[in-house]
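Quick one: this structure, given as structure tokens, is what I'll be asking you about.
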Amino acid sequence: MSLVHLLLPCALALSLIACGGPQFPKTNGDPAKNNPKTFNQDLNDCIEVYPESSGGVQIKQRISCMNLKGWH
């Protein structure tokens, strides 16, 4: 099997993971809360509620938590 046949599936998988995964929210719908200080406070709250776990489930939970706090 050639090197191209081995690398092509790996490259495809990496591109799907990079582009297709859940996107972390960056902006808040409330202009008064749309600042780095509030973002970090809200993120720390979500990290505290959803600590690290195996399988990466906490990432989706933290994104949902941030969405509930108004971040999109």
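Given R₀ = 25 Å, what would the calculated FRET efficiency be for HIS72 paired with ALA32, taking r from the Cβ atoms and rounding to 0.05? Display every interim value, and only then the final one.
On the way: r = 15 Å, r/R0 = 0.62.
E(calc), rounded to 0.05, equals 0.95.
How large a share of the accessible area of the stretch 20-72, in percent, is made up of carbon and sulfur atoms when the probe is 1.4 Å and the other protein chains stay in place?
Numbers: 2060 of 3660 Å².
Percent of accessible area from carbon and sulfur atoms in the stretch 20-72: 56.
The values are calculated or read from the model by the stated rules, or taken from the named source; none is laboratory data. Computed from a predicted structure; not experimentally measured. Note: ideal-geometry Cβ built from the backbone for every residue, glycine included; neighbour counts use all protein chains shown. The area values use the complete protein model at the heavy-atom level, side chains included, leaving out ligands, DNA and RNA. Shrake-Rupley method; radii C 1.70, N 1.55, O 1.52, S 1.80 Å.
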